[in-house]
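Structure first, then comments.
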Amino acid sequence: RGAAEADADGMGLTDLPGELLELILCCDVLGAADIGRVSCTCRRLREACQPRGKVDVAILMNLFTYVFLCRWPSLLKYYSHTDGVSWLEEYKARHNAGLEAQRIVASFSKRFFSEHVPCDGFSDIETLGCPSHFFEDELMCILNMEGRKGLTWKYYAKKILYFLRQQNILKNLKEYLQRPTERQSFLEGAVLIDQYCNPLSDICLKSVQAQVDDITDKVRKVLRTKNPRHPSLASKAGEVLIPEVELQRQVLDAMNCVLYEQLKYKGNELDYYNSLNSYIHQVLIRRTGIPISLSVLYLTIARQLGVKLEPVNFPSHFLLRWCQGKEGSTDIFDYTYIDAFGKGKQLTVKECEYLIGHHVTEEFYGVVTSKEVLQRMVGNLLNLGKRESTDQSYQLLRDSLDLYLAMYPDNVQHLMLQARLYFHLGIWPEKVLDILQHIQALDPSQHGAVGYLVQHTLEHIERRKEEVGPEVKHRSDEKHKEVCFSIGLIMKHKRYGYNCVIYGWDPACMMGHEWIRNMNVHSLPHGPHQPFYNVLVEDGSCRYAAQENLEYNSEPREIPHPDIGRYFSEFTGIHYLANTELEIRYPEDLELTRATVQKIYSSGKE
């Protein structure tokens, strides 16, 4: 019945006290449409639902402020002031954005289960008819759902959010690169690289800068004990450079005391090739890094205290230089070189050569731009990405290639690497063709390599067009009678001891002769003529394991694999439940899994 219609006792919404009416309208079960209908009922309810000038601060200016911010508190940061905001319209927009996000996430599993999300798979998102921050907020709500359910939704929400944030960060990077050099902060550039490689982490320049400022304040305290009248202690220190070399030396001594003695920062010699060493927010958390990341931190603090240090793209070991002679001197002997990786040690030209073990020409002692610093940082990540072995998606390599090509879009070497990578992974064939066409236009001498990749990419596209529906494997089929295990069971490898979950099976080994030979499958008692299982392993890898090498896991637990949500919708505490797309392919496995779990784990966990 209508909102204001009296009930059997003669009492309607309009007869309720204001506080009780407010409580009802704030109920989570009411959507934007419901409240909209209530507001159309009568004047009193319309006034309760509409913004109306100055209202009681206790209810956050009006009812819809309260409703909106209680339901989506993370959105408050987008409103610098709340006066004049139509909260009813904001509520409707956020509600509709949530529905749109849920629709798109739900569609991804069906559309992209059998392949990597294609390069045009995000076209729906690029043309959103709603504010992007509302859309992202709903994706975060999905990712933050409690419990072990909704794994498939979380998997695709994460992919979409990853894409959206990276697109925004690339825009910010391109805007950064277009600024005049003097307005390109080295710290901001490092943060942009960090954000792009870790788009789901809460990393922002303001937070990183605040941590650097905190270190700078500690340096000032030390400096104050040594020289209470030091110009770096002035309120506007950093805006004006300190001309006297001795005063600059006092700053650097205080910095070394704070960074390396008090805070225990150090170069990460034991785990040098860890990508975390390149991310500035991780350098601040872990207080360790590689030469270039520690140099960016060191240089930033020095400049905030009025000391101008400059980056030096020294081979194998990034350095900073500090001018001891006339400013702008081109004589490399007029500079002292600082090794931030080596606890701020000050080096001569000769000592720099001892550091890397060979002589270098004068050009390597020259100052480099912020873009060249970013190029070297990204280059380090590229090399790490090539070294990856467990990450079969090569995400770091893909991200660092994106960054490099954002800075140097016509670099043929890296364009070719990107095309080969996508070709190797079997993803985005249409994008591969676009890249190859661009390479051919830039460098016709590459026609041999380009032609080879074009031919095989076109063949891949044709094969994909010829694919029919998914292969369905029935347990009742005679050729599957030897398959003992089922989808979703948590298993343990008898030989290597790893924990894993089954997401597919074949009645016999379906790999080629070369793989069978390399993996020494014929040495197994049953060789390749036994069921083999596709498993997701706890270390993040995907493997193909023989039946005789697997056994039930006596202590089943969640498998922390990045692709778990691609195949499963829920973890019950003992086994995984296949999502709709996987269940279509193995329609009889669910019941077998439940029966197996009931039989094996009779202790009553489920």
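The values are calculated or read from the model by the stated rules, or taken from the named source; none is laboratory data. Everything quoted here is computed from the prediction, not taken from an experiment. Heads up, the Cβs are rebuilt from the backbone with ideal geometry, glycines too, and the neighbour counts pull from every protein chain shown. Ligands, DNA and RNA are excluded from the accessible area calculation, which covers all protein heavy atoms including side chains. Shrake-Rupley method; radii C 1.70, N 1.55, O 1.52, S 1.80 Å.
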Picking from Leu309, Leu297, Leu276, Leu319, which residue would you name as being aliphatic (A, V, I, L, M) and open to solvent by 10 Å² or more (accessible area, probe 1.4 Å)?
Leu276
Residue check, Val208 against (1) open to solvent by less than 30 Å² (accessible area, probe 1.4 Å); (2) touching a Gly at 6+ places or on another chain (Cβ under 7 Å), all met but one. Which one?
(2)
So which residues in the stretch 214-234 are open to solvent by 60 Å² or more (accessible area, probe 1.4 Å) and within 38 Å of the chain's Cα centre (by Cα), if there are any at all?
Asp214, Asp217, Lys218, Lys221
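Considering only residues that are β-branched (Val, Ile, Thr) and open to solvent by 40 Å² or more (accessible area, probe 1.4 Å), which ones fall in the stretch 171-205? Give the derivation first.
Our first condition is that a residue be β-branched (Val, Ile, Thr); within the stretch 171-205, this holds for 181, 191, 193, 203.
Matches in the stretch 171-205: Thr181 only.
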Exactly one of Ile516, Ile559, Ile490 is over 28 Å from Glu591 (Cβ atoms) and among the β-branched types (Val, Ile, Thr), and that residue is Ile516
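Just for strands (runs of 3 or more DSSP E) wholly inside the stretch 487-606: which have at least 1 residues that are over 21 Å from Val472 (Cβ atoms)?
490-493, 499-506, 532-537, 542-546, 550-552, 568-571
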What is the residue count in the stretch 505-537 for residues that are at positive phi and open to solvent by less than 10 Å² (accessible area, probe 1.4 Å)?
1
Looking for something free of Cβ contacts under 8 Å to residues at least 12 places away in the same chain, more than 25 Å from Pro562 (Cβ to Cβ) and part of a helix (DSSP H, G or I) - is there at least one such residue anywhere in the stretch 466-476?
yes
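Yes/no matrix, rows are residues, columns are (1) among the hydroxyl-bearing types (Ser, Thr, Tyr); (2) under 23 Å from Asp271 (Cβ atoms):
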site	(1), (2)
Val307	no, no
Pro311	no, no
Ser316	yes, yes
Gly325	no, no
Ser329	yes, no
Phe333	no, no
Asp339	no, yes
Exactly one condition in (1) open to solvent by 40 Å² or more (accessible area, probe 1.4 Å); (2) in contact with an Asp or Glu (Cβ under 8 Å, 6 or more places away or on another chain); (3) not in a helix (DSSP H, G or I) is false for Cys484; which is it?
(2)
One residue is enough: does the stretch 275-282 have a residue meeting the conditions of a type in the set (Phe, Trp, Tyr) and assigned to a helix (DSSP H, G or I)?
no
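Residues are listed down the side, and each one gets a yes or a no for (1) touching a residue at least 60 places away in the same chain (Cβ under 8 Å); (2) charged (D, E, K, R):
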site: His424; (1), (2): no, no
site: Glu430; (1), (2): yes, yes
site: Gln455; (1), (2): no, no
site: Glu478; (1), (2): no, yes
site: Lys481; (1), (2): no, yes
Assess whether Tyr155 counts as being in the same structural domain as Phe112 (by the TED database) and assigned to a helix (DSSP H, G or I).
yes
Scan the stretch 255-277 for residues that are small (Gly, Ala, Ser) and either without any contact (Cβ under 8 Å) to a residue 24 or more places away in the chain or under 16 Å from Gly342 (Cα atoms) (or both) and jot them down.
Gly267
Would you check which residues across the stretch 373-383 are open to solvent by less than 70 Å² (accessible area, probe 1.4 Å) and either part of a loop (DSSP other than H, G, I, E, B) or not small (Gly, Ala, Ser) (or both) and list them?
Val373, Leu374, Gln375, Arg376, Met377, Val378, Asn380, Leu381, Leu382
Quick one: which residue in Ile356, Ile338, Ile332 is in contact with a strand residue (DSSP E or B) (Cβ under 6 Å, 6 or more places away or on another chain) and outside the structural domain of Ile435 (by the TED database)?
Ile338
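Scanning for something open to solvent by less than 40 Å² (accessible area, probe 1.4 Å), among the aromatic types (Phe, Trp, Tyr) and closer than 25 Å to His529 by Cβ, does the stretch 492-501 turn up at least one residue? Working first, answer last.
From the stretch 492-501, those open to solvent by less than 40 Å² (accessible area, probe 1.4 Å) are 493, 497-501; that's our starting set.
The next check asks that each one be among the aromatic types (Phe, Trp, Tyr); those that pass are 498.
If we keep only those that are closer than 25 Å to His529 by Cβ as well, we get 498.
Yes, the stretch 492-501 contains a residue that is open to solvent by less than 40 Å² (accessible area, probe 1.4 Å), among the aromatic types (Phe, Trp, Tyr) and closer than 25 Å to His529 by Cβ.
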